[in-house]
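Working notes, structure below.
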Amino acid sequence: MSYLRRAWYVAGFADELAPGQLLARTLFDEPLVFFRPPDGHAVALQDRCPHRFAPLSMGRLCDGGAAVQCPYHGLRFDGTGACVHNPHGTGVIPKRAAVRSWTVVERDGLLWLWAGEAADADASLIPDFSAVAGAPADATVRGYLPTACDYRLLGDNIMDLTHADFLHAGSLGSGAITRAQAQVTDLGERSVRITWLSSGDRAPDAFDAHLRERGRPTDQWTEVTWTAPGAMLLHVGATLQGEPRERGVDTANLHLATPETTGRTHYWYWSTRNFAIDPHANAAIRPVIEFAFSQQDKPMLEAQQRRIGSAEFWSLKPMLLAGDAGAVRARRKLDALIEAEAAATSPEHLEQSA
Ligand code: FES
Ligand SMILES: [Fe+2]
């Protein structure tokens, strides 16, 4: 499969990578090993020793945590991927004894990995998720769901939240989104937003209970901002009708889809809110969220993928509904970015620019 290369992919929650440990994780079909050298920053190396191709992640950290030692014959590699120790022969380090290193940036509690050449890494392309990262722990529910589907199906899932009214009927869905008219906003070549607004309805109980006055008509919003290739920030909230959003209640939620391999997706979710900030509320909300994502969304995504099989999505000629406008725009943008990259690295293009 072709992946977007000049892009940042979420590689995990920053606290999944503990100091002194190796973390093996495959992203876009590349087996990687992550660790934190003594200065604490995160590094990612190709998880394949250049000697006999053993996974370095089966080895151990050495040299005070500055290097990883291959479990098979003991070559050591530092955080740049350079071989720093050869226990064999004269100890001379062969020229080809190196593994590729990848650019990793830690921001807003997430590890972001640049899938292209290090020299091209552009940190300004990382979306701003500080609103979520800054939420109190007692208003936070996070989780990780490895899912057997193409990562773009998760994009479709979050960009078309009308599914909540059916798949999550009785919990997250109230029917309001399906009734509301969606607005799609183009945010440039790498981003698109879809917004559902409604006015005059009473808020769902979970919100109503935390408004200044209960049972009153409200303005409600559901807003997803997608950034290529698969990061989504979702705001859902309500305020008393006619009042500014800041006076109401809001939830800020991340849905992060990174391809692991063809047909497998790393899915991280991170839900926060600006109300009901206390451990008891959090303990009550957690199972509702976990159930919806792990027992409803994940099985649906995996079942869709089984029906799709290895067919290319568009080749199946999916029929489109009103709520698909955002998801389709996101897919088209991603396709266009991948095509543009392929064209820029094609032999004809390289010849022309030589
Ligand atoms: S396979 Fe790594 S040192 Fe031999
Ligand atoms: Fe869902």
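The range 219-290: Rg/Rh from Cα coordinates, Kirkwood Rh?
Ratio of gyration radius to Kirkwood radius for the range 219-290: 1.07.
When the Cα centres of the range 325-351 and the range 22-55 are compared, how far apart do they sit, in Å?
The range 325-351 and the range 22-55 have Cα centres separated by 28 Å.
When the Karplus curve 6.51 cos²θ - 1.76 cosθ + 1.60 is applied with θ = phi - 60°, which whole-Hz ³J(HN,Hα) does each residue of the range 165-172 get, with x for Gly and Pro?
Listing the rounded values in order: 5, 10, 5, 10, 4, x, 10, 7 Hz.
Check each of the GluC sites (Glu not before Pro) in the range 260-317 and keep only those in coil by DSSP with at most 14 other C-beta atoms within 10 angstrom; list them in order.
Of the GluC sites (Glu not before Pro), the ones in loops of the range 260-317 whose Cβ has at most 14 other Cβ atoms within 10 Å are GLU312.
Straight-line reach from LYS333: which aspartates and glutamates fall under 18 Å, measuring Cα to Cα and dropping same-chain residues less than 8 apart?
Straight-distance partners of LYS333: ASP150, ASP156, ASP160, ASP186, GLU189, GLU312, ASP324, GLU341.
Might you report the magnitude of the Cβ-based charge dipole of the range 173-310 about its Cα centre, with Lys and Arg at +1 and Asp and Glu at -1, to the nearest 20 debye?
For the range 173-310, the charge dipole is close to 220 debye.
What translational diffusion coefficient, in µm²/s and rounded to a whole number, does the Stokes-Einstein relation yield for the chain at 10 °C and a viscosity of 1.306 mPa s, taking the hydrodynamic radius as the Kirkwood radius over Cα pairs?
72 µm²/s
Checking the cross-link filter: which aspartates and glutamates have an alpha carbon closer than 20 Å to that of LYS95, excluding same-chain neighbours under 8 positions apart?
Counting by Cα, and skipping residues close in sequence, LYS95 has these aspartates and glutamates nearby: ASP47, ASP78.
I want to verify a result. In a Gaussian network model of the chain, Cα cutoff 10 Å, which of these has the top mean-square fluctuation: PHE313, PHE77, PHE293?
Answer for the Gaussian network model of the chain: PHE313.
Can you tell me the accessible area per residue over the chain, all protein chains present, probe 1.4 angstrom, in square angstrom? Kindly include the intermediate steps, with their values, before the conclusion.
Numbers: 16860 Å² over 354 residues.
Ligands and nucleic acids excluded, the figure is 48 Å² per residue.
What's the magnitude of the charge dipole for the range 28-166 around its Cα centre, counting Lys and Arg as +1 and Asp and Glu as -1 at the beta-carbon? Answer in Debye, nearest 20.
On the way: 11 positive and 17 negative charges, 201 e Å.
Using only the charged Cβ atoms, the result is roughly 960 debye.
Tell me the Kirkwood hydrodynamic radius of the range 1-120 in angstroms, computed as one over the mean inverse distance between distinct C-alpha pairs. It would help to have the intermediate numbers written out before the result.
Details: mean 1/r = 0.0688 Å⁻¹.
In the range 1-120 this quantity evaluates to 14.5 Å.
Scan around ARG202 for amide H atoms under 5 Å from its own, H built in the peptide plane at 1.01 Å from N, and keep only partners 5 or more places away or cross-chain.
THR218
Kindly provide the helix-only [θ] at 222 nm of the chain, computed as the sum of -39,500 (n - 2.57) over DSSP H runs of four or more divided by all residues, to the nearest 500 deg cm²/dmol?
-6000 deg cm²/dmol
First compute the accessible area of the range 171-275 with a 1.4 Å probe, then give the percent of it belonging to carbon and sulfur atoms.
47 percent
The values are calculated or read from the model by the stated rules, or taken from the named source; none is laboratory data. All of these numbers come straight from a predicted model, not from anything done at the bench. FYI the Cβ positions are ideal-geometry reconstructions off the backbone, even for glycines, and counts take in every protein chain you see. Each accessible area value is taken on the protein alone, full model and side chains, heavy atoms only, with ligands, DNA and RNA left out. Shrake-Rupley method; radii C 1.70, N 1.55, O 1.52, S 1.80 Å.
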